[in-house]
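Take a look at the structure below.
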Amino acid sequence: MKQSIAQQRRERERRELRQAILDAACAIAAQDGWQAVTIRKVAERVEYSPGSIYSYFDSKEAMLETLVKEGFDRLAAQLQAALPTNADAETQLLTLCASYWDFAWRFPELYQVMHSLGGAPFSFPDNPFKEWEAFRLSYELFDRWLQEHELSSTDGMEKVEAIWGLLHGLISLAFTQRLREDRQQAKALALRTVQALLWSWGHAPAER
């Protein structure tokens, strides 16, 4: 049954308020950290009652879980869009890593809540590789790299985790200004290190 104009307007207003709630949570986190985000503060920021917020999210944790899911969806879309066509797997992997780095700095509050940084009290699912499209894309690209180098894929997941850990570690250190390098220098360091890892794996006789 076709919705009336009034129903369509209410649905649009609900979507807009839901997004405003999530945006408000990120804005509070940007100013005071995720530990400062509460339902009451979000309600004050969007100028609604706390009860109105609870009609969308029954707890702060539910709100953060939504942000985590939306963050990884957005990350996957950005990674997919960044991949060059007709490029070898190594070029695509390095492009993927560069895009991952850029995402963290473009959406720092989202990145924090996605990875339990900045006081965000959220835990990953037991196996994020099964949960998030971004990790599936990373593994598929790495598996292609292994095939191009005629290497075994038995520990491919471990190597993907190693690359992810490297990137995430440097991003976390850069966020807290623990590196000597500035942001762009740290990004270049990360990409050189990933490239060095790929070279070492590609030239290790035991891996063949």
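Laboratory data are not the source of any read-out in this text; all were calculated from the coordinates shown. All figures in this text were calculated on a predicted structure; none of them were measured in a lab. All Cβ positions, even for glycine, are placed from backbone atoms using ideal geometry, and neighbour counts span all protein chains on display.
Where does the chain land at 222 nm, in deg cm²/dmol rounded to the nearest 500, when only DSSP H runs of n ≥ 4 count, each adding -39500 (n - 2.57), divided by all residues? Display every interim value, and only then the final one.
On the way: 10 runs with 149 residues, N = 208.
-23500 deg cm²/dmol, from helical runs alone.
Expressed in nm², what is the orientationally averaged projection area of the convex hull enclosing the Cα positions of segment 61-207?
Values: hull surface 36.1 nm².
That works out to 9.0 nm².
How big is the equivalent ellipsoid of segment 1-58 along its three axes, where each semi-axis is √(5λ) from the Cα gyration tensor, reported in whole Å from largest to smallest?
Values: eigenvalues 145, 23, 13 Å².
Output for segment 1-58: semi-axes of 27, 11, 8 Å.
Check the chain and count each lysine pair with an alpha-carbon distance under 28 angstrom, considering only pairs eight or more places apart or from different chains.
10
Taking the Cα centre of segment 1-58 as the origin and placing charges on Cβ (Lys, Arg +1; Asp, Glu -1), which of Tyr54, Ser4, Ala29 is farthest toward the positive end of the dipole?
Ser4
Can you name the helices of the chain, as whole DSSP H runs, whose Cα span along the helix axis is 20 Å or more and whose Kyte-Doolittle mean is not below 0.5?
Numbers: long enough: 5-32 (40 Å, -0.80); 60-82 (33 Å, -0.06); 89-106 (25 Å, 0.10); 133-148 (23 Å, -0.67); 156-175 (28 Å, 0.98); 183-202 (28 Å, -0.03).
Taking the DSSP H segments of the chain (at least 20 Å long, mean hydropathy at least 0.5), we get 156-175.
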